[in-house]
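First the structure, in the form of structure tokens, and then the observations on it.
Read-outs throughout are calculated quantities, based only on the coordinates presented, and are distinct from any laboratory measurement. Nothing here was measured: the structure is a model prediction, and the numbers come from that model. For neighbour counting, all protein chains shown are included, and Cβ atoms are generated from backbone atoms with ideal geometry for every residue, glycine included.
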Amino acid sequence: MSLRHSFKDDPQQMAALHRDALMRYLRQAPTQDVDEALRALAANAEPEPEPLSSGTEPLHLLVVLGVPPRPDGQLTEGLRARVNKAFELAHKYPAAKIVVTGGAVANRYAEAEVMQRELIAWGVDPRRILVENRARITLDNAAYTLALLKRDWPDFCRGSGAEGGRPPARLTVVSEPYHGVRSLRHFAAALKIFNVHVELRYAPARGGSQAMLSDMHKPLRLGDTWLPRPMQAHLERTIEEQRRIVCGW
């Protein structure tokens, strides 16, 4: 797919074009690329250690998907789990770049900017971090990240495979386990339609909350059993994820 506009002319327009193109694709093929997402999920994501010889390590990008921070801008359990995983991988793969993605969805704090702040405070070089601070849903995360990469890291978008003397480039999505299939499906679709040929991987961020339920939500009863709230939250989150996959967003 070719988008004939220049970031130099209007970066936000280019990002919007990427989003519209991905939305159309997902609506037309709501179950396409789920198999690719499942393959990336089954591979359990974390890449093999990079070669030590200079110039032969693969280009490697960590994409950290945001969730809303607390109203005071501090980390929720879910956001902390994702930042923890990103920090772990950033330390393990010091040549990797990092995209933090997520806008101000639930309050005035952009998810990406909160993650950037925390990673820098923990010692990650700010020059390694690219910030995408407009996404409101997972589809946006994928579309806006690809638009950002085409502007700021075109070498990665070219894949840099065997012809450049490197292994294929890698894109590792960092999110919580419940979000894995849908986030990978969106990124698999975005990579395909924007002709970015890289290896898609997944790194589960464990330890965060699996769902956010209203305090007014009534307990769920199955037969004679009342489900505990954590189990109910996990069940509802799983059902919602499946619904969104089927709907294509």
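Observations on the model:
- Cα-based shape type of region 11-209, given that a ≥ b ≥ c are square roots of the gyration tensor eigenvalues and the cut on a/c is 1.5: rounded
- Listing 67, 198 from fewest to most neighbouring C-beta atoms within 10 Å gives 198, 67.
- Taking amide H as placed 1.01 Å from N in the peptide plane, the amide H of residue 175 sits under 5 Å from that of 203, 205, each at least 5 places away or on another chain.
- Proxy reagent accessibility, fewest Cβ within 10 Å first, across 206, 70: 206, 70
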